[in-house]
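The block underneath contains the structure these notes are about, expressed in C-alpha coordinates.
The values are calculated or read from the model by the stated rules, or taken from the named source; none is laboratory data. Please read these numbers as outputs of a predicted model, since none were measured by experiment. For neighbour counting, all protein chains shown are included, and Cβ atoms are generated from backbone atoms with ideal geometry for every residue, glycine included. SASA here: full protein model, heavy atoms, side chains in, ligands and nucleic acids out. Shrake-Rupley method; radii C 1.70, N 1.55, O 1.52, S 1.80 Å.
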Amino acid sequence: MAVTKDPGDATRRSFEAMWSDLAGVGRDPVRGGYSRHAFDDADRTLREWFAAEAARRDLDVETDRNGNLWAWWGEPGPDALVAGSHLDSVPGGGAFDGPLGVVSALLAVDELRARGVSPTRPVAVACFAEEEGGRFGLPCLGSRLLSGATDPDVARALRDPDGVSLADAARRAGLDPDRMGPDPDRLARIGAFVELHVEQGRLLGIEDPSAAVAVGTGIVAHGRWRLTITGQGNHAGTTAIADRRDPMVIAAQAVLAARDAARGHDGAVATVGRMVPNPGGTNVIASSVRLWLDARYGAAADTAAVVDQIVARVRQLARNEGCAVEVAQESASPAVTFDPVLRRRLAATLRVPEIPTGAGHDAGVLGERVPTAMLFVRNPSGISHAPGEHAETDDCLAGVRALTAVLQDLSMADRMSADES
Ligand code: GLV
Ligand code: MN
Ligand code: MN
(Lines give C-alpha, C1' and ligand atoms only; values in the text may rest on other atoms or scores of the structure.)
(Ligands and ions follow the chains in the order given, each with its own letter.)
Protein backbone atom coordinates (compact mmCIF):
# COMPACT_ATOMS: atom_id res chain seq x y z
CA MET A 1 0.00 0.00 0.00
CA ALA A 2 1.36 3.42 -0.95
CA VAL A 3 2.29 5.61 1.97
CA THR A 4 1.37 9.25 1.57
CA LYS A 5 1.53 12.33 3.70
CA ASP A 6 -1.26 14.11 1.86
CA PRO A 7 -3.92 14.84 4.52
CA GLY A 8 -6.47 15.08 1.71
CA ASP A 9 -6.13 11.35 1.14
CA ALA A 10 -7.95 10.56 4.38
CA THR A 11 -10.82 12.81 3.35
CA ARG A 12 -10.94 11.21 -0.09
CA ARG A 13 -11.05 7.74 1.44
CA SER A 14 -13.79 8.76 3.88
CA PHE A 15 -15.74 10.40 1.09
CA GLU A 16 -15.52 7.28 -1.06
CA ALA A 17 -16.44 5.03 1.87
CA MET A 18 -19.50 7.10 2.81
CA TRP A 19 -20.54 7.41 -0.83
CA SER A 20 -20.34 3.67 -1.29
CA ASP A 21 -22.37 3.11 1.93
CA LEU A 22 -25.09 5.34 0.53
CA ALA A 23 -24.97 3.99 -3.02
CA GLY A 24 -27.24 1.02 -2.38
CA VAL A 25 -29.83 2.74 -0.21
CA GLY A 26 -33.21 3.54 -1.74
CA ARG A 27 -32.43 2.61 -5.34
CA ASP A 28 -35.56 2.73 -7.46
CA PRO A 29 -35.66 -0.30 -9.78
CA VAL A 30 -38.59 1.10 -11.76
CA ARG A 31 -37.70 4.77 -12.23
CA GLY A 32 -33.95 4.41 -11.96
CA GLY A 33 -31.92 6.53 -9.55
CA TYR A 34 -33.11 6.86 -5.96
CA SER A 35 -36.49 7.18 -4.27
CA ARG A 36 -35.86 8.09 -0.65
CA HIS A 37 -38.87 9.60 1.05
CA ALA A 38 -39.66 10.78 4.55
CA PHE A 39 -40.15 7.93 7.00
CA ASP A 40 -39.93 5.12 4.42
CA ASP A 41 -37.51 2.18 4.67
CA ALA A 42 -34.73 3.96 2.79
CA ASP A 43 -35.15 7.00 5.02
CA ARG A 44 -34.86 4.82 8.14
CA THR A 45 -31.65 3.26 6.80
CA LEU A 46 -30.25 6.70 5.97
CA ARG A 47 -31.08 7.99 9.44
CA GLU A 48 -29.34 4.98 10.97
CA TRP A 49 -26.36 5.57 8.72
CA PHE A 50 -26.21 9.22 9.81
CA ALA A 51 -26.45 8.29 13.49
CA ALA A 52 -23.64 5.75 13.06
CA GLU A 53 -21.40 8.25 11.24
CA ALA A 54 -22.06 10.81 13.97
CA ALA A 55 -21.34 8.26 16.70
CA ARG A 56 -18.04 7.34 15.02
CA ARG A 57 -17.12 10.99 15.41
CA ASP A 58 -18.40 11.29 18.99
CA LEU A 59 -21.08 13.71 17.89
CA ASP A 60 -24.29 13.62 19.94
CA VAL A 61 -27.30 12.96 17.73
CA GLU A 62 -30.81 14.12 18.42
CA THR A 63 -34.00 13.92 16.41
CA ASP A 64 -36.05 17.06 16.83
CA ARG A 65 -39.83 17.17 17.14
CA ASN A 66 -40.16 17.53 13.35
CA GLY A 67 -37.95 14.60 12.38
CA ASN A 68 -34.84 16.65 11.58
CA LEU A 69 -31.53 15.16 12.74
CA TRP A 70 -28.80 17.11 14.55
CA ALA A 71 -25.31 15.86 15.31
CA TRP A 72 -23.56 18.13 17.80
CA TRP A 73 -19.86 18.81 18.17
CA GLY A 74 -19.81 20.55 21.50
CA GLU A 75 -22.69 21.29 23.82
CA PRO A 76 -25.84 22.33 21.93
CA GLY A 77 -26.21 25.99 22.60
CA PRO A 78 -26.70 29.47 21.27
CA ASP A 79 -24.91 30.90 18.24
CA ALA A 80 -24.32 27.43 16.84
CA LEU A 81 -22.71 27.02 13.47
CA VAL A 82 -24.82 24.54 11.51
CA ALA A 83 -23.95 22.82 8.24
CA GLY A 84 -25.90 20.12 6.45
CA SER A 85 -28.63 19.41 3.98
CA HIS A 86 -31.06 16.51 3.50
CA LEU A 87 -31.01 12.79 2.72
CA ASP A 88 -34.36 12.35 0.96
CA SER A 89 -34.77 12.51 -2.82
CA VAL A 90 -37.32 13.25 -5.50
CA PRO A 91 -38.89 10.11 -7.04
CA GLY A 92 -36.14 8.61 -9.19
CA GLY A 93 -33.64 11.29 -8.19
CA GLY A 94 -29.87 11.50 -8.32
CA ALA A 95 -27.31 10.51 -5.70
CA PHE A 96 -26.01 14.01 -4.90
CA ASP A 97 -29.00 16.27 -4.24
CA GLY A 98 -29.02 16.32 -0.46
CA PRO A 99 -26.49 13.65 0.60
CA LEU A 100 -23.55 15.61 -0.77
CA GLY A 101 -24.24 18.39 1.74
CA VAL A 102 -24.53 15.96 4.66
CA VAL A 103 -21.42 13.95 3.75
CA SER A 104 -19.45 17.17 3.16
CA ALA A 105 -20.48 18.58 6.54
CA LEU A 106 -19.34 15.40 8.33
CA LEU A 107 -16.03 15.48 6.44
CA ALA A 108 -15.58 19.16 7.24
CA VAL A 109 -15.85 18.29 10.93
CA ASP A 110 -13.15 15.64 10.40
CA GLU A 111 -10.92 18.14 8.59
CA LEU A 112 -11.36 20.79 11.26
CA ARG A 113 -10.39 18.28 13.92
CA ALA A 114 -7.42 17.09 11.86
CA ARG A 115 -6.28 20.71 11.71
CA GLY A 116 -6.64 21.00 15.48
CA VAL A 117 -9.40 23.60 15.28
CA SER A 118 -11.41 23.88 18.46
CA PRO A 119 -14.41 26.01 17.67
CA THR A 120 -15.43 28.78 20.01
CA ARG A 121 -19.08 28.10 19.27
CA PRO A 122 -21.13 24.86 19.03
CA VAL A 123 -21.05 23.16 15.64
CA ALA A 124 -23.82 20.89 14.33
CA VAL A 125 -24.45 18.79 11.25
CA ALA A 126 -28.15 18.79 10.36
CA CYS A 127 -30.30 16.62 8.07
CA PHE A 128 -33.68 18.13 7.31
CA ALA A 129 -36.71 15.89 6.77
CA GLU A 130 -38.66 15.64 3.49
CA GLU A 131 -36.81 18.47 1.75
CA GLU A 132 -38.12 17.41 -1.65
CA GLY A 133 -41.73 16.98 -0.62
CA GLY A 134 -41.47 13.72 -2.57
CA ARG A 135 -43.89 11.87 -0.30
CA PHE A 136 -46.22 14.45 1.25
CA GLY A 137 -46.06 17.15 -1.43
CA LEU A 138 -44.74 20.00 0.70
CA PRO A 139 -41.04 20.73 0.07
CA CYS A 140 -38.73 21.60 2.97
CA LEU A 141 -41.28 20.18 5.37
CA GLY A 142 -38.85 19.69 8.26
CA SER A 143 -37.35 23.16 8.07
CA ARG A 144 -40.75 24.77 7.47
CA LEU A 145 -42.17 23.12 10.59
CA LEU A 146 -39.08 24.00 12.63
CA SER A 147 -39.23 27.65 11.63
CA GLY A 148 -43.00 27.98 11.94
CA ALA A 149 -43.50 28.58 8.21
CA THR A 150 -46.04 25.74 8.03
CA ASP A 151 -49.02 25.18 10.29
CA PRO A 152 -48.50 21.79 12.00
CA ASP A 153 -52.21 20.98 11.68
CA VAL A 154 -51.93 21.38 7.92
CA ALA A 155 -48.74 19.29 7.87
CA ARG A 156 -50.14 16.47 10.00
CA ALA A 157 -53.08 16.10 7.62
CA LEU A 158 -50.94 15.84 4.47
CA ARG A 159 -51.31 12.47 2.78
CA ASP A 160 -48.94 10.48 0.61
CA PRO A 161 -50.12 8.89 -2.66
CA ASP A 162 -51.24 5.79 -0.71
CA GLY A 163 -53.41 7.88 1.62
CA VAL A 164 -51.10 7.61 4.66
CA SER A 165 -51.11 10.84 6.66
CA LEU A 166 -47.92 12.54 7.76
CA ALA A 167 -49.14 12.13 11.33
CA ASP A 168 -49.39 8.33 10.92
CA ALA A 169 -46.09 8.02 9.05
CA ALA A 170 -44.32 10.09 11.68
CA ARG A 171 -45.87 8.07 14.51
CA ARG A 172 -44.72 4.83 12.88
CA ALA A 173 -41.22 6.32 12.69
CA GLY A 174 -41.28 6.93 16.43
CA LEU A 175 -42.12 10.65 16.44
CA ASP A 176 -44.99 12.17 18.36
CA PRO A 177 -47.02 13.99 15.67
CA ASP A 178 -48.71 16.12 18.32
CA ARG A 179 -45.35 17.70 19.09
CA MET A 180 -44.65 18.66 15.48
CA GLY A 181 -44.50 22.38 14.88
CA PRO A 182 -42.46 25.50 15.56
CA ASP A 183 -39.32 24.94 17.60
CA PRO A 184 -38.27 28.47 18.56
CA ASP A 185 -35.65 27.38 21.10
CA ARG A 186 -33.89 25.21 18.54
CA LEU A 187 -34.16 27.90 15.90
CA ALA A 188 -32.71 30.44 18.32
CA ARG A 189 -29.63 28.26 18.75
CA ILE A 190 -28.68 28.60 15.09
CA GLY A 191 -26.16 31.40 14.70
CA ALA A 192 -25.51 30.60 11.04
CA PHE A 193 -26.51 27.84 8.62
CA VAL A 194 -24.35 26.85 5.65
CA GLU A 195 -25.77 24.36 3.15
CA LEU A 196 -23.46 22.82 0.57
CA HIS A 197 -25.32 21.39 -2.42
CA VAL A 198 -24.63 19.99 -5.85
CA GLU A 199 -25.35 22.66 -8.46
CA GLN A 200 -28.57 21.82 -10.24
CA GLY A 201 -27.90 23.69 -13.45
CA ARG A 202 -24.83 24.82 -15.36
CA LEU A 203 -24.45 28.39 -14.09
CA LEU A 204 -21.19 27.53 -12.39
CA GLY A 205 -19.59 26.53 -15.70
CA ILE A 206 -20.90 29.65 -17.42
CA GLU A 207 -19.68 31.95 -14.66
CA ASP A 208 -16.17 30.48 -14.57
CA PRO A 209 -15.42 27.18 -16.35
CA SER A 210 -12.43 26.55 -14.10
CA ALA A 211 -14.32 26.89 -10.79
CA ALA A 212 -15.49 23.76 -8.97
CA VAL A 213 -17.33 25.63 -6.20
CA ALA A 214 -19.54 28.73 -6.00
CA VAL A 215 -21.20 30.77 -3.29
CA GLY A 216 -25.01 31.07 -3.59
CA THR A 217 -26.58 34.50 -3.89
CA GLY A 218 -30.25 33.61 -3.61
CA ILE A 219 -33.21 31.51 -4.73
CA VAL A 220 -35.94 32.49 -7.16
CA ALA A 221 -39.57 32.49 -5.92
CA HIS A 222 -41.37 29.22 -6.58
CA GLY A 223 -44.44 27.22 -5.71
CA ARG A 224 -46.60 24.20 -6.42
CA TRP A 225 -50.22 24.22 -7.51
CA ARG A 226 -52.62 21.26 -7.82
CA LEU A 227 -55.21 21.48 -10.57
CA THR A 228 -58.17 19.10 -10.48
CA ILE A 229 -60.00 18.95 -13.79
CA THR A 230 -63.36 17.18 -13.72
CA GLY A 231 -65.25 15.96 -16.77
CA GLN A 232 -67.43 12.95 -17.50
CA GLY A 233 -66.10 9.40 -17.21
CA ASN A 234 -67.25 7.35 -20.19
CA HIS A 235 -66.56 4.57 -22.65
CA ALA A 236 -63.59 5.01 -24.99
CA GLY A 237 -65.23 3.03 -27.79
CA THR A 238 -68.82 4.24 -27.81
CA THR A 239 -68.59 7.93 -26.93
CA ALA A 240 -68.39 10.13 -30.01
CA ILE A 241 -65.66 12.75 -29.89
CA ALA A 242 -68.27 15.52 -30.05
CA ASP A 243 -70.02 14.12 -26.96
CA ARG A 244 -66.97 13.93 -24.72
CA ARG A 245 -66.11 15.98 -21.67
CA ASP A 246 -62.58 14.66 -21.41
CA PRO A 247 -60.38 16.13 -18.63
CA MET A 248 -57.27 14.48 -20.10
CA VAL A 249 -57.55 16.70 -23.15
CA ILE A 250 -57.60 19.76 -20.89
CA ALA A 251 -54.72 18.39 -18.83
CA ALA A 252 -52.69 17.99 -22.02
CA GLN A 253 -53.50 21.58 -22.95
CA ALA A 254 -52.52 22.69 -19.44
CA VAL A 255 -49.03 21.31 -20.07
CA LEU A 256 -48.81 23.41 -23.21
CA ALA A 257 -50.30 26.46 -21.46
CA ALA A 258 -47.54 26.20 -18.84
CA ARG A 259 -44.86 26.10 -21.53
CA ASP A 260 -46.44 29.05 -23.41
CA ALA A 261 -46.81 31.21 -20.30
CA ALA A 262 -43.22 30.59 -19.22
CA ARG A 263 -41.98 31.45 -22.71
CA GLY A 264 -43.71 34.80 -22.40
CA HIS A 265 -41.61 35.85 -19.36
CA ASP A 266 -37.85 35.95 -19.68
CA GLY A 267 -36.36 33.53 -17.17
CA ALA A 268 -39.66 32.02 -16.03
CA VAL A 269 -40.12 28.24 -15.85
CA ALA A 270 -43.32 26.26 -15.42
CA THR A 271 -43.53 22.48 -15.34
CA VAL A 272 -46.17 19.78 -15.14
CA GLY A 273 -44.22 16.77 -13.91
CA ARG A 274 -47.01 14.74 -12.45
CA MET A 275 -50.51 13.90 -13.62
CA VAL A 276 -52.96 11.35 -12.21
CA PRO A 277 -56.08 10.47 -14.21
CA ASN A 278 -59.00 8.89 -12.41
CA PRO A 279 -59.80 6.06 -12.80
CA GLY A 280 -56.89 5.54 -15.18
CA GLY A 281 -58.04 2.83 -17.60
CA THR A 282 -56.83 2.48 -21.19
CA ASN A 283 -60.38 2.11 -22.52
CA VAL A 284 -61.87 4.69 -20.18
CA ILE A 285 -62.38 8.42 -20.70
CA ALA A 286 -61.17 9.77 -17.36
CA SER A 287 -63.74 11.35 -15.06
CA SER A 288 -61.10 13.63 -13.51
CA VAL A 289 -57.41 14.40 -13.65
CA ARG A 290 -55.16 15.88 -11.01
CA LEU A 291 -52.02 17.55 -12.21
CA TRP A 292 -49.32 19.42 -10.38
CA LEU A 293 -47.83 22.64 -11.68
CA ASP A 294 -44.41 23.85 -10.49
CA ALA A 295 -43.71 27.49 -11.40
CA ARG A 296 -40.66 29.64 -10.66
CA TYR A 297 -39.98 33.23 -11.59
CA GLY A 298 -38.56 36.38 -10.00
CA ALA A 299 -40.39 37.39 -6.84
CA ALA A 300 -43.56 35.76 -5.50
CA ALA A 301 -45.83 38.19 -7.37
CA ASP A 302 -44.04 37.41 -10.65
CA THR A 303 -44.54 33.69 -10.16
CA ALA A 304 -48.19 34.27 -9.25
CA ALA A 305 -48.73 36.29 -12.43
CA VAL A 306 -47.40 33.43 -14.58
CA VAL A 307 -49.60 30.94 -12.75
CA ASP A 308 -52.68 33.19 -13.10
CA GLN A 309 -52.09 33.27 -16.82
CA ILE A 310 -51.84 29.47 -17.02
CA VAL A 311 -54.93 28.94 -14.86
CA ALA A 312 -57.00 31.45 -16.87
CA ARG A 313 -56.12 29.62 -20.08
CA VAL A 314 -56.92 26.21 -18.57
CA ARG A 315 -60.28 27.46 -17.26
CA GLN A 316 -61.21 28.79 -20.66
CA LEU A 317 -60.29 25.53 -22.40
CA ALA A 318 -62.13 23.54 -19.74
CA ARG A 319 -65.31 25.55 -20.26
CA ASN A 320 -65.23 24.74 -23.97
CA GLU A 321 -64.95 21.03 -23.11
CA GLY A 322 -67.64 21.11 -20.41
CA CYS A 323 -65.09 20.43 -17.66
CA ALA A 324 -64.62 22.12 -14.27
CA VAL A 325 -61.27 23.20 -12.78
CA GLU A 326 -60.29 23.52 -9.12
CA VAL A 327 -56.95 25.05 -8.15
CA ALA A 328 -55.17 24.64 -4.81
CA GLN A 329 -51.76 26.06 -3.96
CA GLU A 330 -49.73 23.40 -2.16
CA SER A 331 -46.62 25.39 -1.43
CA ALA A 332 -45.21 28.89 -1.73
CA SER A 333 -41.56 29.85 -1.44
CA PRO A 334 -40.75 33.54 -1.73
CA ALA A 335 -37.56 34.72 -3.39
CA VAL A 336 -34.62 34.58 -0.99
CA THR A 337 -31.41 36.60 -0.93
CA PHE A 338 -28.85 34.98 1.33
CA ASP A 339 -27.46 36.95 4.24
CA PRO A 340 -25.18 39.62 2.73
CA VAL A 341 -22.72 39.67 5.65
CA LEU A 342 -22.28 35.93 5.58
CA ARG A 343 -22.06 35.90 1.81
CA ARG A 344 -19.37 38.53 1.78
CA ARG A 345 -17.46 36.52 4.34
CA LEU A 346 -17.69 33.36 2.28
CA ALA A 347 -16.67 35.23 -0.86
CA ALA A 348 -13.64 36.73 0.93
CA THR A 349 -12.62 33.32 2.33
CA LEU A 350 -13.06 31.36 -0.89
CA ARG A 351 -12.70 33.78 -3.81
CA VAL A 352 -15.04 31.76 -6.03
CA PRO A 353 -17.92 32.82 -8.30
CA GLU A 354 -21.30 33.75 -6.86
CA ILE A 355 -24.41 32.33 -8.51
CA PRO A 356 -28.19 32.28 -7.91
CA THR A 357 -30.31 29.14 -8.19
CA GLY A 358 -33.73 28.13 -9.43
CA ALA A 359 -33.83 25.21 -6.99
CA GLY A 360 -35.45 25.25 -3.55
CA HIS A 361 -33.47 24.44 -0.40
CA ASP A 362 -33.87 24.29 3.37
CA ALA A 363 -31.38 27.16 3.34
CA GLY A 364 -34.11 29.21 1.65
CA VAL A 365 -36.58 28.49 4.42
CA LEU A 366 -34.10 29.03 7.24
CA GLY A 367 -32.72 32.09 5.47
CA GLU A 368 -35.86 33.95 6.41
CA ARG A 369 -35.06 33.45 10.11
CA VAL A 370 -31.30 33.03 10.55
CA PRO A 371 -28.13 34.09 8.71
CA THR A 372 -27.80 31.53 5.96
CA ALA A 373 -25.42 30.82 3.09
CA MET A 374 -25.00 28.21 0.38
CA LEU A 375 -22.11 26.63 -1.47
CA PHE A 376 -22.57 24.88 -4.80
CA VAL A 377 -20.42 22.12 -6.27
CA ARG A 378 -20.02 21.93 -10.04
CA ASN A 379 -22.38 19.65 -11.93
CA PRO A 380 -20.85 19.11 -15.39
CA SER A 381 -24.06 18.20 -17.20
CA GLY A 382 -26.36 20.38 -15.11
CA ILE A 383 -28.73 17.40 -14.83
CA SER A 384 -30.45 17.09 -11.48
CA HIS A 385 -33.63 15.54 -10.05
CA ALA A 386 -32.81 12.65 -12.40
CA PRO A 387 -30.58 9.57 -12.25
CA GLY A 388 -27.96 11.26 -14.46
CA GLU A 389 -27.10 13.84 -11.77
CA HIS A 390 -23.35 13.80 -11.24
CA ALA A 391 -20.41 15.61 -9.68
CA GLU A 392 -16.78 14.53 -10.00
CA THR A 393 -15.14 13.32 -6.80
CA ASP A 394 -12.39 15.93 -7.13
CA ASP A 395 -15.05 18.65 -7.26
CA CYS A 396 -16.85 17.17 -4.26
CA LEU A 397 -13.55 17.24 -2.36
CA ALA A 398 -13.06 20.85 -3.42
CA GLY A 399 -16.52 21.44 -1.91
CA VAL A 400 -15.43 19.81 1.35
CA ARG A 401 -12.33 22.02 1.45
CA ALA A 402 -14.44 25.10 0.81
CA LEU A 403 -16.94 24.17 3.50
CA THR A 404 -14.10 23.43 5.91
CA ALA A 405 -12.53 26.82 5.23
CA VAL A 406 -15.85 28.55 5.78
CA LEU A 407 -16.58 26.65 8.98
CA GLN A 408 -13.05 27.27 10.23
CA ASP A 409 -13.45 30.99 9.62
CA LEU A 410 -16.92 31.13 11.19
CA SER A 411 -16.20 28.73 14.03
CA MET A 412 -13.62 31.12 15.41
CA ALA A 413 -15.84 34.14 14.89
CA ASP A 414 -17.84 35.93 17.47
CA ARG A 415 -21.41 36.58 16.52
CA MET A 416 -21.19 38.49 13.24
CA SER A 417 -21.42 42.10 14.15
CA ALA A 418 -23.55 44.75 12.53
CA ASP A 419 -20.50 46.80 11.59
CA GLU A 420 -19.55 44.03 9.15
CA SER A 421 -22.69 44.72 7.14
C1 GLV B 1 -35.90 21.08 -4.79
O2 GLV B 1 -34.78 20.73 -5.09
C3 GLV B 1 -36.67 21.92 -5.68
O4 GLV B 1 -36.09 22.86 -6.23
O5 GLV B 1 -37.84 21.64 -5.90
MN1 MN C 1 -33.88 18.71 -4.96
MN1 MN D 1 -31.62 19.41 -2.32
Inset, instruction - Find which of Val103, Pro182, Gly84 sits farthest along the positive direction of the dipole of segment 84-233, computed with +1 on the beta-carbon of Lys and Arg, -1 on that of Asp and Glu, about the Cα centre. - result: Pro182
Inset, instruction - Express the relative contact order of the chain as a whole percentage, based on alpha carbon pairs under 8 Å and six or more residues apart in sequence. - result: 21
Legend entry - Spacing of the two label points (7 Å from each Cα toward its C-beta) at Asp260 and Arg171, in nm: 4.8
Inset, instruction - Taking the chain as the reference, fit the longest principal axis to its C-alpha atoms, fit the long axis of helix 8-23 to the helix C-alpha atoms, and give the angle between the two in degrees, 0 to 90, nearest 10. - result: 30
Legend entry - Highest-MSF residue in the chain out of Glu326, Glu130, Glu389 [GNM, Cα springs under 10 Å]: Glu326
Legend entry - Charge sum, other residues only, whose C-beta stays under 14 Å from Asp110's C-beta, Lys/Arg counted +1 and Asp/Glu -1: +2
Legend entry - At q = 0.07, 0.13, 0.14 Å⁻¹, base-10 log of I(q)/I(0) for the chain (Debye sum, equal scatterers on each alpha carbon): -0.35, -1.13, -1.28
Legend entry - Acute angle (nearest 10 degrees) that the helix 41-56 long axis makes with the longest principal axis of the chain, alpha-carbon atoms: 10
Legend entry - For segment 98-158 versus segment 216-232, the gap between their alpha-carbon centres in whole angstrom: 24
Inset, instruction - Express in nm, to one decimal, how much length is gained between Ala157 and Ala348 on full extension, taking 0.36 nm for each residue of separation and deducting their alpha carbon distance. - result: 64.3 nm
Legend entry - Positive-end extreme of charge dipole, the chain - chosen from Val406, Ala211, Ile310 (charges on Cβ): Ile310
Legend entry - Positive minus negative residues near Ile229 (Lys, Arg vs Asp, Glu; Cβ under 12 Å): +2
Inset, instruction - For the chain, set up a Gaussian network in which alpha carbons nearer than 10 Å are linked by springs, and say which option among Ala373, Ala301, Ala268 fluctuates the most. - result: Ala301
Inset, instruction - Compute the accessible area per residue over the chain, keeping the other protein chains in place, probe 1.4 Å, unit Å². - result: 44
Legend entry - Most mobile of Gly216, Gly92, Gly237 in a GNM of the chain (Cα contacts under 10 Å): Gly237
Inset, instruction - Evaluate the charge dipole of the chain about its Cα centre and quote only its size in Debye, nearest 20, assuming +1 on the Cβ of each Lys and Arg and -1 on the Cβ of each Asp and Glu. - result: 720
Legend entry - Cβ-based net charge around Leu291, under 10 Å, with every Lys or Arg adding one and every Asp or Glu removing one: +3
Legend entry - Cleavage-rule hits, trypsin sites (Lys or Arg not before Pro), segment 128-206, DSSP coil, Cβ neighbours within 10 Å at most 16: Arg202
Inset, instruction - Whenever you get a sec, compute what percent of the accessible area on the chain sits on carbon and sulfur atoms (1.4 Å probe). - result: 50
Inset, instruction - Kindly provide the trypsin sites (Lys or Arg not before Pro) of segment 345-394 that DSSP labels as loop, not H, G, I, E or B, and whose Cβ sees at most 14 other Cβ atoms within 10 Å. - result: Arg351
Inset, instruction - Find the centroid of the Cα atoms in segment 236-281 and in segment 350-402, then give the distance between the two in whole Å. - result: 33
Legend entry - Ser287 versus Arg226: modelled label distance in nm, points set 7 Å from Cα along the beta carbon direction: 1.8
Inset, instruction - Determine the calculated [θ] at 222 nm for the chain from helices alone, applying -39500 (n - 2.57) to every DSSP H run no shorter than 4 residues and normalising by the residue count; nearest 500 deg cm²/dmol. - result: -11000 deg cm²/dmol
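Taking the highest mean first, how do the peptides 397-405, 358-366, 96-104 order by number of other beta carbon atoms within 10 angstrom per residue?
Working: 397-405: 22.7, 358-366: 25.2, 96-104: 27.9.
The densest-packed peptide leads the list: 96-104, 358-366, 397-405.
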Inset, instruction - Quick one: dipole size for segment 162-288, taken about the Cα centre, charges +1 on Lys/Arg Cβ and -1 on Asp/Glu Cβ, in debye to the nearest 20. - result: 340
Inset, instruction - Take peptides 274-283, 257-266 and line them up by average Cβ neighbours within 10 Å, highest first, as a rough protection proxy. - result: 257-266, 274-283
